[in-house]
Structures are given as structure tokens and as C-alpha cells.
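Trainee: Would you mind keeping the following structure in view while I ask a few things?
The values are calculated or read from the model by the stated rules, or taken from the named source; none is laboratory data. Keep in mind the model is a prediction, meaning the values are calculated, not measured. Don't worry about glycine lacking a Cβ; one is built from the backbone with ideal geometry, like all the others, and counts go over all protein chains shown.
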Amino acid sequence: MPAPAPPSRRLHSTILLLHLSLLHATTTTTPTPTPPPHPDLPALLSFKSSSDISNNLVSWTHSPDPCNHTTPFIGVSCLHNRVTGLVLEKLNLHNRFDSLTSLVKLRVLSLKHNHLTGPIPNLSNLTSLKLLLLSHNQLSGDFPPSLPSLFRLDLSYNNISGPIPATVNRLTHLLTLRLENNRISGSIDFINLPNLNDLNISMNNVTGKIPVTLSGFSESVFLNNSGLCGLPDRECANSRPDIPSPVPVPVPSTAAVLGKNNDRGSGKNKISTVAVIAIIIGDVLVLALVSLLLYCYFSGKKINGNNNVIKKSEKSVYPSSTASSFEKGRMVFFDGTRKFELEDLLRASAEMLGKGGLGTAYKAVLDDGNVVAVKRLKEVAVGGKREFEQQMEVMGRLRHPNVVSLKAYYFAKDEKLLVYEYMSNGNLFWLLHGNRGPGRTPLDWSTRLKIAAGAASGLAFIHTFGPSLKLTHGNIKSTNILLDRSGNACISDVGHSAITPPAAAPRSVGYRAPELLSANNRKSTQKSDVYSFGVLLMELLTGKCPSVDNSGLLDLPRWVRSVVKEEWTAELFDLELMRYKDIEEEMVGLLQVALSCTSGAPDQRPTMDYVVKMIHDIDGVEVSPCRDAVDSASDSP
């Protein structure tokens, strides 16, 4: 029989077993922590239980996280792990949707073509809501309270009643107001929505006069309102309702007025009449004589001055003081270019297109009808004729559909000219920023994406042309993106940075990469071109000038990054893009390309070849065939 263990060893074993048992108990009894419920899930499930009688939202029960990409909720889109979009159209939804008012981050709510009933709930908690589309339901009650952030409101084909409240004018960003086929009553003469471009209040009970602020819309948007006046076939009884109808007052005749002097004798009446007639005839004769003298004077001046005017227009590109220097130079043409002589340029009618750091550009129409763009250089940085010719030879070999072709050049001691193909559709700057106001034709999303892809292809070609040359552009900006007659984007001023003196270097600070802003580093690189192109993409997306805004200086890349970092708001994208359908994914994709191009570290920026690929991938995103329609739920970011 073995000897019993010493007490100290038995105590040690007991303590060890106790520790092991406690460890096992802790391991087996400690519950696994459960993640907190998603804050938007209760509102979604409550809506499903009350409205989804056909169980079309069955995917909402597969996961406790509506923003989980692996098990997505039908019709739900998220941003920063919160529900921001709810598009539930044609799903046979019934009853009310009050529970959805808890989705405080909601930006898009579309419940079109369902069977929802009851009044529209109080949506004042949805301060980020941009699109509210509730058409083709059975909603009743009054017009909903205003939501100042709304861009589009569609309540058509419901049973909304009562007047439109005056608070509707608080919707200063509103682009669309669709109210047709309801029971809305009252006057609309107070409506003043400055950005409204899509309106329909037909088939209601609206009365009164159509206000001036809505007079630009077609007659069809006001039809079937029996009490509404101001239509072509239903003019208002009083064109100025604020002025009471005048009381008829007897107006004395001319004879009666003249008869006031008849007390002195009837002969004076005849004399007064003859005097009036004589004065009228005299005035007519004097006016005819003055007109004849003015006609003769200006006709003679025009005849005598026509030749001088023509000569001035012919020589407006090239001052006469330098005419002698032309004889010392020669026009050099590149392959495939129709040849013309310098005298042809001198005889051409010229129109100045603009001035830049390198010189002045003109549109010249030759005698044979050909149109070219001529840039007269002020000064160049190359040492002499040989260096200039070498640089022109490189520029003349650049042939690409998205690069403006150099057709010819002229070199003399005191005169240097560059001749380009003429781009008839202007530049991107004016398409984006020109005539921002009533009557402007907006630059649509498809065109902007096409311009981005074309400009990227052109810049990528420049960067890869002759790998040993490592060509750069050096001044990518919206004024240097021209459009040909087919709307293709073409990069202009290629190679100008290589011949521009440092003192005359372009000062487009808003596009310049951070590494070029220091006084010690002014030489552009391909990576600095990529940065400038990224700023150009941001300009396309936001509609804002990169360097100047209404409030003063604007660092566009910094502003865009701050908006993305803080919260994704509608302020980021151009207001003119809000009308187009199903483009949010494409806009966000292009924004990601722009952010990548404007990275602060040059080595973190992509090459232009890769930028082209990324933009083409965006262009390949599957979209609705009716992308340009204006009645969609998802055309607002």
C-alpha cells in the first residue's frame, strides 16, 4: 500500500484542481457577446409587418443588418451603415408608412405604384430627405409640411386635398413638383420656386390666376382646373386684379375742347385747326430732311471706309510693323495638312478667341472656306530656330482623336505662329459655367462622362507617346479642353509648357499639384498632370470653379474631401445633375477616380492609362435604358 502524500502536496493538488475547475467554468458559462441591433431595423420590420401583405419583402428577414452587402434588403441602400435610400415601387404595399419616419438618415424615399392609404405622416425628422416620390397610391389628407432640403416632390395620382400652403416657397432647392390628379384647391398665385423646372398641377380644383413665376411652363401642366385662369382659352376677366375697374368718366371731344375759346368768335376755331395741320406737316418735312442727310452721311462713310475695315480685319492678327519679318520665315506643314501660304492667313478674316500666357488665339477663315485656329506667340523659351523646330516636330507628330492637332507653324525672328485645327463647340469651362441662369442649357451627365473619358484618353496618349520623351502637358484645365463638332473632348495647348518662359508660366493655381506651388519647384511632371486632371473631374462633378467661388477662394480638392469625410450631402454634386436618372453610382465612381488622382503624395496617384480604365469601367455600369428620364427615384445622390 503506497504511503499517503504529504499534506503540503495534497493542498497544492487541491488548489490546482480548483483553478482548473474555475477556468473550465468560466470558459463554458461566459456567453458570446451579441452585436447591438441595427438602429434602422425596427422601423423597417414594423413597416413590413403592417404593409407587406404579399410578402414581397421576404429578404428583410434573412439578416439582422439591413446594410449587410452579403444579404441585401430589397430596395434598401445604405451609407455609413445607415439606411439612406428606400425604393419600394410596385410591390403591392398597403396601409400607412408612419414607421418609416424613424429612418432619420433617409435621403431617397420612393413608394410609387402601391396601395398606401391615410394621410402623409409628419416627415420633419427626415432632415436629409432629397427625393419624396409617392405617386400612384391612395394617400389622402392635406398637403404635407415643407421639407427645405427637398429636390423632388411627386404626390401625383392620389387623393390629396386642401390648398397648397404658402410654406411651399421654403423649398428653395425644389426642381420637381408633381401634383396632378388630386383634389387640391385654392390659389397658386403666391408660388415662387426659383429652381423649379418640372411642374404639373393638372386635374385638380385650383382657382385664380397663374402667377408670373409659373408662366414659363406649358399649358398642359395647368389643364383641367376649371377655376384657373390665364390660359390661352381662358383669359382672366381682369388682367390686373389689384386695380379696381375704373368708373366710366365722360371724356370731352376735341371739338368741345376747342370750343372753349368759341366765346371770342367762330373764326378762331378755323385758325386753330389750320395751325395744327400746318405744324404736323412741317414736322414731317423736317424729319424727312434730317433722315435724308443722315443716310447720305453714313452711306458715304461706309463706302469710303469699307476697304479700311476689311484691311484692318485682315491684319488684326498680325500688326503691320512685323510684316517685313514674315519674308524671313516660312510656313511648315505636317503630313495630311492642306497647304496654304502665309498670304492666305493675312487675307483671312480673323476673330480673337482669347489671350493666354503664351500668346493670343484667333479664328481665321481662309478664302477657300477652311477654318483654322492661329496662336500668335508672344515669346518662347527655346534658344533658337533649331530648338523651336525640334519641339514643333514632336508636337506635330501627336495625332489622336482627343488631342487638338497642330497643322502647321511659322517661324521668323520676330514672329512665331502655330496653326491648329479649329474646334467649333468651344471649351469645357463655358459649357460648365457660362450663362448660369434662366435659359441656360445644362451640361447633362452623359456628356460630362464622355468628356471625362475623352480627355483622359488624350492625356494618356500624351504621357505614353515616345516613352523616352516623358511628355507632360503642364496646364490641364477646363479652358484647355475643347469640343469638336461631334462633341468629343480634345486637349489643346499640348507642348506649350516646354516653350513657355518661366515668367509667363500659366497661373492656374486651382489645378496645380501641391508640389508645384513652391517657388523652388515649377517643372510639371506626369504625376502633376494627373493631379490637375483629378481637379478637372471634380469640376465636372460639382459644377464649381476650382479656384474661385461666390464666397471667395475655393480649394476644390480640400472642400470635396471635407464633404466626403463629414457627411455625404447633396451639396457635393452639381445641382444640374439632380434631374437625371440612375446616375448616382456613376457619379460616385467618378468621384473616387478624382480623389485617387488628387492624392497629396505624387507616387500614390495612378497613371493616366489606369485612369482611362477606371473611367471606362464606370461607363460600363449597367443603367436603365431610360437614363435621362426625369421621374426616377434614384437620380439624386
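Table: residues versus (1) under 20 Å from residue 117 (Cβ atoms); (2) charged (D, E, K, R); (3) touching a residue at least 12 places away in the same chain (Cβ under 8 Å); (4) not in a loop (DSSP other than H, G, I, E, B).
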| position | (1), (2), (3), (4) |
| --- | --- |
| 42 | no, no, yes, yes |
| 47 | yes, no, yes, yes |
| 60 | no, no, yes, yes |
| 65 | no, yes, yes, no |
| 70 | no, no, no, no |
| 73 | no, no, yes, no |
| 85 | no, no, yes, yes |
| 92 | yes, no, yes, no |
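Trainee: Now for a separate question. Can you pull out every residue in region 346-369 that is within 21 Å of residue 473 (Cα to Cα) and exposed (fewer than 15 other Cβ atoms within 10 Å of the Cβ)?
Mentor: 354, 355
Trainee: Also, quick follow-up: Restricting the search to region 464-480, which residues are of a type in the set (Gly, Ala, Ser) and either at pLDDT below 85 or farther than 12 Å from residue 491 by Cα (or both)?
Mentor: If we filter region 464-480 for residues that are of a type in the set (Gly, Ala, Ser), which is where we start, we get 466, 468, 474, 478.
466, 468, listed by residue number.
Trainee: Please enumerate the residues belonging to region 454-503 that are surrounded by fewer than 20 Cβ atoms within 10 Å (Cβ to Cβ), within 12 Å of residue 402 (Cα to Cα) and in contact (Cβ under 8 Å) with a residue 12 or more places away in the chain.
Mentor: The answer is 484, 487, 488.
Trainee: What do you reckon, is residue 190 modelled with pLDDT of 90 or more, of a type in the set (Phe, Trp, Tyr) and under 30 Å from residue 440 (Cβ atoms)? Quick ask: steps written out before the conclusion?
Mentor: Details: modelled with pLDDT of 90 or more: yes; of a type in the set (Phe, Trp, Tyr): yes; under 30 Å from residue 440 (Cβ atoms): yes.
For residue 190, the condition - modelled with pLDDT of 90 or more, of a type in the set (Phe, Trp, Tyr) and under 30 Å from residue 440 (Cβ atoms) - is met.
Trainee: While we're looking at this one, here's another question. Identify all residues within region 99-115 that are more than 19 Å from residue 150 (Cβ to Cβ) and not hydroxyl-bearing (Ser, Thr, Tyr); write none if there are none.
Mentor: Of everything in region 99-115, those that are more than 19 Å from residue 150 (Cβ to Cβ) and not hydroxyl-bearing (Ser, Thr, Tyr) turn out to be 113, 114, 115.
Trainee: Next question, about the same structure. Considering 114, 55, 81, which residue is polar (S, T, N, Q) and exposed (fewer than 13 other Cβ atoms within 10 Å of the Cβ)?
Mentor: 55
Trainee: Looking at 113, 94, which one is under 33 Å from the mean Cα position of the chain (by Cα), not assigned by TED's automatic domain parsing to the domain that holds residue 581 and not small (Gly, Ala, Ser)?
Mentor: Within the list 113, 94, the selection yields 113.
Trainee: Could you grab me the full set of residues in region 142-158 that are assigned to a loop (DSSP other than H, G, I, E, B), surrounded by 15 or more Cβ atoms within 10 Å (Cβ to Cβ) and not hydrophobic (A, V, I, L, M, F, W, C)?
Mentor: 144, 146, 149, 156, 157, 158
Trainee: When you look at residue 183, is it assigned by TED's automatic domain parsing to the domain that holds residue 138, at pLDDT 85 or above, within 17 Å of residue 156 (Cβ to Cβ) and surrounded by 16 or more Cβ atoms within 10 Å (Cβ to Cβ), yes or no?
Mentor: Working: assigned by TED's automatic domain parsing to the domain that holds residue 138: yes; at pLDDT 85 or above: yes; within 17 Å of residue 156 (Cβ to Cβ): yes; surrounded by 16 or more Cβ atoms within 10 Å (Cβ to Cβ): no.
When the stated conditions are applied, residue 183 does not pass them.
Trainee: More than 13 Å from residue 404 (Cβ to Cβ), out of contact with any Phe, Trp or Tyr (no Cβ under 8 Å at 6 or more places or on another chain), β-branched (Val, Ile, Thr) and at pLDDT below 90 - does that describe any residue in region 433-442?
Mentor: Yes - at least one qualifying residue is present in region 433-442.
Trainee: Take the conditions under 32 Å from the mean Cα position of the chain (by Cα), at negative phi, buried (at least 17 other Cβ atoms within 10 Å of the Cβ) and assigned to a loop (DSSP other than H, G, I, E, B) and apply them to residue 128. Does it pass? Even if it seems obvious, please write down each step before you answer.
Mentor: On the way: under 32 Å from the mean Cα position of the chain (by Cα): yes; at negative phi: yes; buried (at least 17 other Cβ atoms within 10 Å of the Cβ): yes; assigned to a loop (DSSP other than H, G, I, E, B): yes.
Answer is yes for this residue.
Trainee: Go through (1) in contact with a Leu (Cβ under 6 Å, 6 or more places away or on another chain); (2) closer than 22 Å to residue 460 by Cα for residue 361 and report which single condition fails.
Mentor: That leaves (2) as the condition not met.
Trainee: Right, next: Given the conditions (1) more than 29 Å from the chain's Cα centre (by Cα); (2) over 26 Å from residue 168 (Cβ atoms); (3) among the polar types (S, T, N, Q), report the number of the one that residue 81 does not fulfil.
Mentor: Here residue 81 clears every test but (1).
Trainee: Which residue out of 487, 454 is assigned to a loop (DSSP other than H, G, I, E, B), under 25 Å from residue 597 (Cβ atoms) and at pLDDT 85 or above? First the steps, then the outcome.
Mentor: Values: 454 fails: assigned to a loop (DSSP other than H, G, I, E, B).
Criteria check complete, one pass: 487.
Trainee: Has region 397-412 got any residue that is in contact with a helix residue (DSSP H, G or I) (Cβ under 9 Å, 6 or more places away or on another chain), in a loop (DSSP other than H, G, I, E, B), more than 25 Å from residue 457 (Cα to Cα) and assigned by TED's automatic domain parsing to the domain that holds residue 334?
Mentor: yes
Trainee: While we're here: With the requirement that a residue be of a type in the set (D, E, K, R), at pLDDT below 90 and out of contact with any Pro (no Cβ under 8 Å at 6 or more places or on another chain), what does region 560-618 give you? Give the derivation first.
Mentor: Step one: of region 560-618, the residues of a type in the set (D, E, K, R) are 561, 565-567, 571, 574, 576, 579, 581-582, 584-586, 603, 605, 609, 613, 617.
Add one more test, that the residue is at pLDDT below 90, and what stays is 561, 565-567, 571, 574, 576, 579, 581-582, 584-586, 617.
Within region 560-618, 561, 565, 566, 567, 571, 574, 581, 582, 585, 586, 617 qualify.
Trainee: Is it true that some residue in region 168-180 is of a type in the set (Ser, Thr, Tyr), under 20 Å from residue 129 (Cα atoms) and in contact with a Lys or Arg (Cβ under 6 Å, 6 or more places away or on another chain)?
Mentor: Looking only at region 168-180, we keep the residues that are of a type in the set (Ser, Thr, Tyr), and these are 172, 176.
Filter once more, keeping what is under 20 Å from residue 129 (Cα atoms): 172, 176.
Next, only the ones that are in contact with a Lys or Arg (Cβ under 6 Å, 6 or more places away or on another chain) stay: 176.
Within region 168-180, one or more residues are of a type in the set (Ser, Thr, Tyr), under 20 Å from residue 129 (Cα atoms) and in contact with a Lys or Arg (Cβ under 6 Å, 6 or more places away or on another chain).
Trainee: Looking at region 393-410 only, could you name the residues that are crowded, with 19+ Cβ neighbours inside 10 Å and farther than 27 Å from residue 486 by Cα?
Mentor: 410, the sole residue that qualifies.
Trainee: Here is a follow-up. Among the listed residues 377, 398, 417, identify the single one that is touching a residue at least 24 places away in the same chain (Cβ under 8 Å) and within 12 Å of residue 494 (Cβ to Cβ).
Mentor: 398
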